[in-house]
Structures are given as C-alpha cells and as structure tokens.
1. Rounded, prolate or oblate for the chain? Axes are the square roots of the Cα gyration tensor eigenvalues, ordered a ≥ b ≥ c, and the cut-off for rounded is a/c under 1.5.
2. Taking the Cα centre as origin and putting +1 on Lys and Arg beta-carbons and -1 on Asp and Glu beta-carbons, what dipole magnitude results for the chain, to the nearest 20 debye?
3. For HIS53 and LEU135, calculate 0.36 nm times their separation in residues minus their Cα-Cα distance, and state this gained length in nm to one decimal.
4. Residue-wise, which Karplus ³J(HN,Hα) couplings in Hz belong to the stretch 38-46, taking 6.51 cos²θ - 1.76 cosθ + 1.60, θ = phi - 60°, and x for glycine or proline?
5. Which loop-located chymotrypsin sites (Phe, Trp or Tyr not before Pro) does the stretch 77-152 contain, where loop means any DSSP state but H, G, I, E or B and the Cβ has at most 13 other Cβ atoms within 10 Å?
6. Could you compute the net charge surrounding LEU36? Neighbours are other residues with a C-beta less than 15 Å from the C-beta of LEU36; K and R count +1, D and E count -1.
7. Would you pull out the residues with amide H under 5 Å of LEU115's amide H, same chain only if 5 or more places away, H placed 1.01 Å from N?
8. Work out how much length LEU125 to PHE107 would gain on full extension: take 0.36 nm times their residue separation and subtract the Cα-Cα distance, in nm to one decimal.
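Just so it is clear, none of the values below were taken in a lab; they were calculated from the coordinates. Quantities reported herein were computed from a predicted structural model and do not represent experimental measurements. With ideal geometry, Cβ positions are generated from the backbone for all residues, glycine too; neighbour counts draw on all protein chains shown.
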Amino acid sequence: MKWMTHQAGALAAALALQADPGLSAGMVLGAVLPDLAEHILSRGNRKIFARIHRGFFHWFGLYFLLLVLIQGLSLPPPSLLLLEGILLGACSHLLLDGLNPTGVPLFPFRRHPRLRLNLVATGSLGEWCFMAGFLLVIGLGGYRLDPAWLRRLGNLF
Ligand SMILES: [Zn+2]
C-alpha cells in the first residue's frame, strides 16, 4: 500500500479507538516506519531496496520487542506515548501490508513463510476502497472536535 493509505489507516484507527493525542500523532508517524527504514538503509539504491523490501523491518516481532523494551526506559509519559504510537503505527503498516499479495514475513531474516491474505494490491482499486473507508472513519466516525483533546494535541508541538 502507498504511504498515504498507511497514514490514513493509522489515523482512522487512532481516532476510532479514541487514542491519546500523543499516541495518535505517533501512530501516523510510525505508519510509514517499516518502509522508511528500508529506504534509508538502501540509500536510494533500487536493487538493494528490492532485496530488503518487506523483509526484517516488516516483521511484527521487531515492533513487539521494541514495545516491550521501551517500557523499561522510564521515559516521561508524553515521550513514552509518542514512542508507543510510532511502534503501533508500524504494526498498523504491517497489518495493511499483510493484505497485499507479497505479505509480511512470519520470522525474522527469512522471506518465507509469509503472513498474507492477497486481498489488495498496491495502487489497485481495492487500495482506493480501503482509503475511502479510512477517510470515512476520519471524516465521519472517528474525528473528534473535543476541545480538550485538540488542546492536548496542540501542546505536543
Ligand atoms: Zn511496507
């Protein structure tokens, strides 16, 4: 899926779950983390990117382990929530990539077996249907104009 679909999906999930503003902002940022990590590692080299894409950085276990590890860092609550949001956003990325024919790896450092449902190809009409659903949730169902929530979101920046 495209980055904007991943970010819309993370925002829709955060709003539908009425997540804290810091967690929500983190989820939107983290929704592109697995692909961004691969882009940075490959340094723009398409061959390297093709070799590592949807590999280790698309493994659920990595983000689960990081979620557990950051609990022991004794970070202040806003920073912890932002980091948790980033890692949960990465997990939402993997959930959506799991709907793709390529899927995501079940184990680290192994390309197979993979978790995949083969429902939505990147850039297909199916992806646009998912995007429309996310926008519907954001626009109608999940978006809150709660002044306290918006004030807390504004305090993050
Ligand atoms: Zn991806």
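1. Numbers: a/c = 2.10, a/b = 1.31, b/c = 1.61.
Oblate, because a/c is 1.5 or more while a/b does not exceed b/c.
2. Roughly 560 debye, rounded to the nearest 20.
3. 26.8 nm
4. Result, ordered by residue: 5, 5, 5, 4, 7, 6, x, 7, 5 Hz.
5. Details: sites: PHE109, TRP128, PHE130, PHE134, TYR143, TRP149; in loops: PHE109, TYR143.
Here the chymotrypsin sites (Phe, Trp or Tyr not before Pro) that fit, given the DSSP loop and packing criteria, are PHE109, TYR143.
6. Numbers: positive: LYS2, ARG43, ARG54; negative: ASP35, GLU38, ASP97.
In short, 0.
7. Answer set, sorted by chain and number: VAL104, LEU106.
8. Numbers: separation 18, 0.36 × 18 = 6.48 nm, distance 3.00 nm.
In short, 3.5 nm is gained.
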